[in-house]
1. Within segment A:36-72, which residues are within 12 Å of another protein chain (Cβ to nearest Cβ) and within 25 Å of residue A:215 (Cβ to Cβ)?
2. When both residues are 6+ apart or on different chains and their Cβ atoms are under 8 Å apart, which pairs have a first residue that lies in segment A:48-68 and is at positive phi, and a second that is modelled with pLDDT under 90 and part of a loop (DSSP other than H, G, I, E, B)?
3. Looking only at segment B:223-248, count every residue that is more than 17 Å from the chain's Cα centre (by Cα), free of Cβ contacts under 8 Å to residues at least 40 places away in the same chain and assigned to a helix (DSSP H, G or I) and tell me the total.
4. Among the residues of segment B:90-120, write down those that are buried (at least 20 other Cβ atoms within 10 Å of the Cβ) and over 27 Å from residue A:159 (Cα atoms).
5. Somewhere in segment B:205-214, is a residue part of a loop (DSSP other than H, G, I, E, B), surrounded by fewer than 22 Cβ atoms within 10 Å (Cβ to Cβ) and in contact with a helix residue (DSSP H, G or I) (Cβ under 7 Å, 6 or more places away or on another chain)?
6. If I go through segment A:123-137 residue by residue, how many of them are over 23 Å from residue A:171 (Cβ atoms) and either within 9 Å of chain B (Cβ to nearest Cβ) or within 24 Å of the chain's Cα centre (by Cα) (or both)?
7. Which condition does residue A:94 not pass, out of (1) surrounded by 22 or more Cβ atoms within 10 Å (Cβ to Cβ); (2) away from chain B (no Cβ under 11 Å); (3) more than 16 Å from residue A:171 (Cβ to Cβ), if it passes all the others?
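The values are calculated or read from the model by the stated rules, or taken from the named source; none is laboratory data. Predicted model only: the values in this text are computed from it and were never measured. Note that each Cβ is placed from the backbone with ideal geometry, even for glycine, and that neighbours are counted across all protein chains shown.
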């Protein structure tokens with residue numbers, strides 16, 4: 001049955017899923033150690049959800065193999081289901097039922113009987129600060145409450161692996177922070193968490209390792225520090241006083257530093273890899289000589305945003 | 001966060017217990033969304049009243065005589081139309097990701113459908129009971145008494161169970177509940193009208209009469225009339241059950257396959 005301690009929670013090799021012509025997941029390897037928060041980062045349509053649905057036994061892989069908590073995905077899906085829980089992108093709850101009824105329903109499906117099922121539901125409601133709303137129908141819940149209930153519904157029995165598909169999409173900052181707190185607490189209690197996200201700061205904040213996915217392929221993997229280091233140790237950020245000269249400044253920086261420049265339109269800022277402080281200084285001087293006034297500049301490691309764009313633009 | 005501490009899995013429940021839980025869900029739905037019953041019984045109530053009082057005299061001499069002929073058939077129609085609503089419900093559930101959670105649980109794969117069926121049976125019995133009550137108030141009298149009514153309701157449940165599979169399959173195939181409804185009624189209206197529910201087919205043209213005679217809805221209606229009047233023949237019961245049994249045998253595996261394939 002289970003492999004020994006320290007083995008992988010998820011071990012996927014060359015997973016493929018096609019929808020007609022589209023290769024939604026195109027040969028992805030994944031090795032997630034037990035007890036880790038692992039993030040799959042990618043834009044919409046990158047294949048994140050499809051990858052997760054395959055690992056949660058919801059859709060069959062068209063190629064490759066994978067095991068979850070030591071159970072083969074295709075050969076023993078029933079055993080896999082006993083070890084996982086999944087919180088999908090859209091609330092996987094019965095809207096007509098109350099929050100408490102939803103949790104009792106799932107507790108009973110897991111095998112808790114009458115009183116034990118009610119006790120489990122009430123304990124989860126208390127933990128997720130939903131006791132006051134326990135008797136309300138889920139359709140009257142706010143987005144944040146729904147998300148909390150959805151996660152609670154995944155924890156009836158402590159799963160070996162918890163799949164969270166974009167756990168904070170559509171939440172306000174306060175609700176987002178509270179979901180993050182729960183995810184950290186879960187990982188603290190030994191649950192392996194695989195989450196997808198399109199928010200770089202979410203991956204940065206939560207995950208010990210991050211896999212970056214685009215067009216169904218994994219284009220990078222590592223800790224957030226490693227991903228940033230792989231893009232370039234030093235990043236020069238320049239904000240211009242006159243946004244009209246953004247193009248001109250970008251060309252100048254590109255020719256000086258020999259690396260492609262990322263622009264962010266809001267705030268008229270440019271970011272570019274600079275091999276050293278001396279090179280950065282020379283580039284700034286060149287800007288000044290051309291009469292382009294920086295409003296602000298700084299030298300530092302790249303944000304995950306910049307890492308992400310530089311990784312995806314390499315492929316484009 | 002005490003509830004986040006390790007909670008291990010209790011002994012795995014039986015398939016039967018899984019199915020009961022889904023049945024409980026169906027009962028809760030009645031509690032929270034009682035208006036669904038309104039949708040189910042309004043159409044047959046309108047049919048009963050309109051046909052009895054508007055056409056009854058012309059078709060059977062008097063409204064009372066017509067009701068005696070019509071009521072067992074309207075019960076069949078009620079149950080057959082009900083099946084469409086359960087397909088719509090399934091299509092709605094599938095669109096919301098709720099079934100993804102069910103499918104990622106270590107439970108008997110068909111349990112959610114068994115639960116739907118429990119809900120359907122409840123709906124059939126409640127809607128059938130309401131229509132029968134209205135019939136009794138208007139003067140309908142089942143000659144076979146209580147036993148006849150019980151037997152006919154048992155047949156009604158079997159009919160609903162069999163027809164249910166058609167719309168479960170449609171619900172699994174079609175993403176939009178409205179489309180399920182449109183397709184359902186497009187198929188069911190001709191089946192229900194080109195049957196012996198409303199009129200005796202002897203005035204229909206020959207080609208249509210040939211269809212009416214083999215229409216499963218006619219066979220079901222004939223058996224229902226027989227059970228209510230106490231004059232049923234074994235062959236009529238068998239004929240009435242052909243379609244429900246065949247549909248179950250054909251479509252239960254298809255349902256399972258579609259559900260697992262998604």
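1. Result: A:49, A:52, A:53, A:54, A:55, A:56, A:57, A:58, A:59, A:60, A:68.
2. A:57/B:104
3. Counting residues in segment B:223-248 that are more than 17 Å from the chain's Cα centre (by Cα), free of Cβ contacts under 8 Å to residues at least 40 places away in the same chain and assigned to a helix (DSSP H, G or I) gives 6.
4. B:90, B:91, B:116, B:117, B:119, B:120, listed by residue number.
5. The initial filter retains those residues of segment B:205-214 that are part of a loop (DSSP other than H, G, I, E, B), namely B:205.
Going one step further and asking which of them are surrounded by fewer than 22 Cβ atoms within 10 Å (Cβ to Cβ), we end up with B:205.
This time we only want the ones that are in contact with a helix residue (DSSP H, G or I) (Cβ under 7 Å, 6 or more places away or on another chain), so: none.
No, segment B:205-214 contains no residue that is part of a loop (DSSP other than H, G, I, E, B), surrounded by fewer than 22 Cβ atoms within 10 Å (Cβ to Cβ) and in contact with a helix residue (DSSP H, G or I) (Cβ under 7 Å, 6 or more places away or on another chain).
6. 1
7. With respect to (1) surrounded by 22 or more Cβ atoms within 10 Å (Cβ to Cβ); (2) away from chain B (no Cβ under 11 Å); (3) more than 16 Å from residue A:171 (Cβ to Cβ), residue A:94 is out only on (2).
Residues are listed down the side, and each one gets a yes or a no for (1) in contact with a helix residue (DSSP H, G or I) (Cβ under 8 Å, 6 or more places away or on another chain); (2) under 17 Å from residue A:162 (Cβ atoms); (3) at pLDDT 95 or above:
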site: A:78; (1), (2), (3): no, no, no
site: A:83; (1), (2), (3): no, yes, no
site: A:88; (1), (2), (3): yes, yes, no
site: A:93; (1), (2), (3): yes, yes, no
site: A:96; (1), (2), (3): yes, no, no
site: A:116; (1), (2), (3): yes, no, no
site: A:121; (1), (2), (3): yes, no, yes
